[in-house]
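These notes are about the structure you will find just below.
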Amino acid sequence: MPELPEVEVTRRGLAPDLVGCRLTGTVVRNPALRFPVTPALDSLVGQDLLGLGRRGKYLLFEFDAGSLIVHLGMSGSLRLLSAATPAEKHDHVDLVFGERVVRLRDPRRFGAVLWQPGRAEDHPLLAGLGPEPLSEVLDGPWLYQATRNRSAPIKQVLMDARTLVGVGNIYASESLFRAGIDPRTSARCLGRVRCARLAQAVRDTLEAALVAGGSTLRDFIRSDGSSGYFQLQHFVYGREGEPCRVCGAPIRCLRQGNRSSFYCSRCQR
Ligand SMILES: [Zn+2]
C-alpha cells in the first residue's frame with residue numbers, strides 16, 4: 001500500500017514537469033474506484049495546473065477553481081508517460097498535459113479522483129485531518145500535549161489521522177522501535193522525554209524513507225516498471241520471529257486495533 005513517503009515522492013517527481021502546464025484532456029476508462037470518479041472531469045480541460053500539493057496521502061492537483069484530489073488507495077500509482085503510450089488493463093484515469101499524460105493505474109480500485117471546488121481542505125475526506133508529520137508542528141512538546149487525554153496505546157494514537165495524518169502501520173511500528181517505546185504503552189503515560197524521542201523518530205523514519213525511495217520511485221514514474229513501492233530495510237515491520245537488528249532477540253507480533261504491530265520486547269519498553 002502506498003504510504004506517505006511514496007505519495008510525497010510521487011508529488012516531488014511529478015511537480016517539476018507539470019506545474020504551470022495546461023490540462024488538455026482527460027480520459028476515464030473505469031470510473032468505479034473507491035468513490036466514483038468525478039463525472040465532469042472534462043470541465044477542467046483548458047485550465048493550468050497551478051500547484052501539486054499533498055495532504056496526508058491525498059495528492060492535490062490545484063487549479064484556479066479548485067483541486068482534483070487523488071488518492072492511490074491500496075494499489076494505485078501515478079506515472080508520467082508519453083501521451084502515445086497505450087493504456088493497459090488497470091489504467092483507469094488519464095490527465096493529459098499536451099504530449100504527456102499522468103496515468104493512474106489501480107488494480108484493486110481503492111483509489112479516488114475527486115473534484116473539490118474552492119479549498120481542498122473543505123472536502124469531507126480532508127476536513128478534520130491532523131497536522132502533517134513532516135511539518136514543523138510535530139515536535140516533543142506538541143506530541144506531549146496531543147497525548148495527554150489519550151489512554152489508547154500509542155501505536156493506535158500515532159495512526160489516528162485526526163491526531164497526526166499519514167503515519168501508517170509500517171511507519172508507526174518503525175518509529176516506535178527507533179524511539180524504544182513499546183507499542184502497547186498508553187499514550188498519556190509517555191513523559192516529555194519519550195514524546196520528544198518519538199516525535200524525532202517519526203520524522204527520521206519518514207525522512208529516511210523519502211531518501212531511500214526517492215530515486216527508485218522517480219525512475220518508476222517515468223517507466224513501465226511493475227512496482228514503484230519502496231523496498232525499505234525495516235527494523236521490525238514484517239519480521240516476526242526474525243532477530244532484532246540491534247539486540248538479536250526475536251521480533252514479536254501482536255494485534256492492535258485489527259492491525260499487526262511488530263516490536264522488540266528487549267529494545268522497546
Ligand atoms: Zn531488540
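Numbers for the structure displayed
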{"read-out": "Summed side-chain charge close to Cys189 - residues other than Cys189 whose Cβ falls under 11 Å, Lys, Arg +1, Asp, Glu -1", "value": "+4"}
{"read-out": "Angle in degrees between helix 192-221 and the longest Cα principal axis of the chain, rounded to the nearest 10", "value": "40 degrees"}
{"read-out": "Local net charge near Arg109, Cβ-Cβ under 13 Å (Lys/Arg +1, Asp/Glu -1)", "value": "+3"}
{"read-out": "For the chain, convex hull of alpha carbons as volume per residue, Å³", "value": "126 Å³"}
{"read-out": "Within the chain, helix-based [θ] at 222 nm, where runs of 4 or more DSSP H residues each add -39,500 (n - 2.57), nearest 500", "value": "-8000 deg cm²/dmol"}
{"read-out": "Beta bridge orientation in the chain: antiparallel %, DSSP, nearest 5", "value": "100 percent"}
{"read-out": "At R0 = 30 Å, FRET efficiency that the Cβ-Cβ distance of Ala87 and Arg34 yields, to 0.05", "value": "0.90"}
{"read-out": "Square roots of 5 times each gyration tensor eigenvalue, C-alpha, region 4-122, largest first, Å", "value": "18, 17, 15"}
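Since every read-out is calculated from the coordinates, none of them should be taken as a lab result. Just so it is clear, the model here is predicted, and its values are computed rather than measured. Positions of Cβ are backbone-derived with ideal geometry, glycine not excepted, and every protein chain shown enters the neighbour counts.
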